[in-house]
1. In straight Cα distance, which lysines are under 30 Å from Lys97, not counting same-chain residues fewer than 8 positions off?
2. Phe69 label point, 7 Å along Cα→Cβ, cut-off 18 Å on backbone N: hits in region 121-146?
3. Where in the chain are the DSSP H helices whose alpha-carbon span along the long axis reaches 15 Å or more and whose Kyte-Doolittle mean is at least 0.0?
4. Mind sorting Met54, Met195 by how few other Cβ atoms lie within 10 Å of their own Cβ, fewest first?
5. Using the per-residue mean of other Cβ atoms lying within 10 Å as a proxy for protection, in what order, highest first, do the peptides 128-139, 175-186 fall?
6. So what does log10 I(q)/I(0) come out to for the chain at q = 0.12 Å⁻¹, using the Debye formula with one equal point on every Cα and no solvent?
7. Just want the ordering: Phe89, Phe30, from fewest to most Cβ atoms lying within 10 Å of their own Cβ.
8. Over region 78-227, what relative contact order in percent results from Cα pairs under 8 Å that are six or more residues apart?
Amino acid sequence: MIQNIIDILTRPDAFFQEKIKSAEDLKIPFLFVAVAGVIGAINGYEIGSLTGRMFASANAGMGEFVAIFSIVGAFIGVVLFWLIGAAIFFLLSMAFKGTGSFNRTLEFVGYGFIPYIIGSLISLIMAVYYLPMVQVPVVRSFTDPVVIQNAVSSLMHDPAMLELTKVSAIIGIIFLIWSANIWIYAINYARNLSMKHAVITVLLPVTIFIIYTLFITFVGVSAPGGY
């Protein structure tokens, strides 16, 4: 397993060239996605706990609700990113007459989540460093929506929160590019495409996603996070 992970990260061409000879198997790729989801859930809990603290005075159970919502939402978000990403690659590759099953595409794309795991771990470390510095406003009542809106805005624009948002976005983009490199070879073999068409299939949506992330982060910051 360790050697396979090393090959995926450093020799994806050779890995998928050999893997395409095997029967389709989603168990190991799902394991990688699940690990990424668990790390994302922990990160979501750390960030969601701030919102829980903000509303704790207004509702004693709000903290637990926000924490559970953040954990479940973050995990499901990673799984959806896998499913939707694979679907986008599959559909785009149809323009180049790709031939290969969706399950094979889903399987191979799942291997590309290994860099995501590394990036998420680093983002989690950054969150542990920055979040204690965040000044959390207190909302004591849900009756005034303006007060709630101002509190949320104050939390999101706290200097430490803004710094975490930017650092996490940059980390996410760096490791997304690494994942994209793996996905190019994954789609190349999973959909039987030329390298040129595989590059277009992967880099088109990835580039759009990166541009969107940079815009949201540095022009309209809304919330911290990596991928």
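1. The reachable lysines, counting only those whose Cα sits under 30 Å from Lys97, are Lys19, Lys21, Lys27, Lys196.
2. Under cut-off, by backbone N: 137-146.
3. 27-55, 62-94, 114-130, 145-156, 159-190, 195-218
4. Going from least to most buried by this count: Met195, Met54.
5. Most protected by this proxy first, the peptides run 175-186, 128-139.
6. Calculated log10 I(q)/I(0) at the listed q: -0.69.
7. Ranking Phe89, Phe30 by Cβ neighbours within 10 Å, fewest first, gives Phe30, Phe89.
8. 35 percent
We did not get these values from a lab; they are worked out from the coordinates using the rules stated. This one's a predicted model, so the numbers in the text were calculated from it and none came from an experiment. Quick reminder, even Gly has a Cβ in these numbers, built from the backbone with ideal geometry, and neighbours come from all protein chains shown.
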